[in-house]
Amino acid sequence: MADLSIQELERTAQSYQKLMVPALFKEWPDQILEAKIKPGDKLLDVACGTGVLTIAAEDRLDQKGFAAGLDMNPGMLAVAEKLAPDIEWRQGVAEDLPWDDESFDIVVSQFGLMFFEDQQKALREMFRVLKSGGRLVVAVFNSLENIRGYKIMTRIYGQVVGEEVEQALRFPFSLGDVDELKSLCFKSDLTGAKINTCEGNAKFPDIRTMVLADVKGWFPLAGFVLDDHQIEEAVRMAESELKGFIAEDGSVEFPLSAHIIYTTIK
Ligand SMILES: C[S@@+](CC[C@H](N)C(=O)[O-])C[C@H]1O[C@@H](n2cnc3c(N)ncnc32)[C@H](O)[C@@H]1O
């Protein structure tokens, strides 16, 4: 994560919440939580961001239930705290969870695992904090080869900004190969893990919003700043190259699939 002030982190997280969450992240909690969460559960969401999954989970819990969200980025947590002050939000890293062994009935995580420095350690940590009989559900995006909209955008940013942005954009899709994902689960001692590929859609109101979601919602975290000319060029190229995904009203929609890992602890 680039070295930004808390104000800059929070501003970026606000853009993430406004531009990226409705377009990319809001539809997944139903598929992730479906049939896995019970009303009295103690639940942990790892790499919770602004809390879209944590908040959806908390809505399904009763008085006995409890939800906590952890993220390394204090800007994300500041936005989450304003959205749902009753949830326990903690700053920390997935590789070293600040909870005792066997603290939770269910641990969930959506679209964070790809970014963890030590993915095996993080998965072992998620297991450690689960009680016996506990459930682990982790979602990662499919590979870029299977998500045409972002494959095209990655190339466009590469041309407009440079190779470093193209490389960074590949990162969120880096666990898309199911065989590699199975091998990661195996190496992390998640031997009974099942992986389901689920279909979803990216939906933006227009191409400009889609580009601004990247430019304002996460590029600053990676240290990328685009000038107005680069933004206009990315919008112009995307309007032409994503034409097949643009409806008459200007809205953009393209398939975005994810792999969901599910396992229980004995
Ligand atoms: C793409 S966002 C997903 C956030 C959220 N789960 C959602 O669906 O909106 C990835 C998140 O992972 C967090 N993250 C990355 N590495 C982390 C780590 N090692 N420990 C905790 N959080 C991490 C980032 O700060 C970011 O909020």
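The values are calculated or read from the model by the stated rules, or taken from the named source; none is laboratory data. As the structure is a computational prediction, the values presented were derived from the model and not from experiment. Glycine gets a Cβ as well: all are built from the backbone with ideal geometry, and neighbour counts include every protein chain shown.
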The lone exception for VAL108 - which of (1) closer than 19 Å to VAL52 by Cβ; (2) surrounded by fewer than 22 Cβ atoms within 10 Å (Cβ to Cβ); (3) within 11 Å of the ligand (Cβ to nearest atom) it fails: (2)
The one condition ILE156 fails out of (1) under 30 Å from THR264 (Cα atoms); (2) crowded, with 16+ Cβ neighbours inside 10 Å is (1)
Conditions first: (1) modelled with pLDDT of 95 or more; (2) surrounded by fewer than 16 Cβ atoms within 10 Å (Cβ to Cβ); (3) not β-branched (Val, Ile, Thr). GLY192 passes all but one, so which condition is the exception? (1)
With within 13 Å of the ligand (Cβ to nearest atom) and either within 19 Å of the chain's Cα centre (by Cα) or at pLDDT below 95 (or both) as the only criterion, which of ASP3, ASP118 stands out? ASP118
Residues within region 59-105 that are assigned to a loop (DSSP other than H, G, I, E, B) and within 15 Å of the ligand (Cβ to nearest atom), tallied: 9
Filtering region 28-55 down to residues that are among the acidic types (Asp, Glu) and buried (at least 16 other Cβ atoms within 10 Å of the Cβ), which residue is farthest from the ligand (Cβ to nearest atom)? ASP41
Here are the criteria: (1) within 13 Å of the ligand (Cβ to nearest atom); (2) of a type outside the set (Phe, Trp, Tyr); (3) surrounded by 22 or more Cβ atoms within 10 Å (Cβ to Cβ). Tell me which single one LYS18 does not satisfy. (3)
For region 139-255, which fully contained strands (runs of 3 or more DSSP E) count at least 1 residues that are within 18 Å of the chain's Cα centre (by Cα) and within 30 Å of GLN7 (Cβ to Cβ)? 201-204
The number of residues in region 59-91 that are surrounded by 14 or more Cβ atoms within 10 Å (Cβ to Cβ) and under 22 Å from GLU125 (Cα atoms) is 15
Does any residue of region 139-146 turn out to be within 30 Å of VAL252 (Cα to Cα) and out of contact with any helix residue (DSSP H, G or I) (no Cβ under 8 Å at 6 or more places or on another chain)? yes
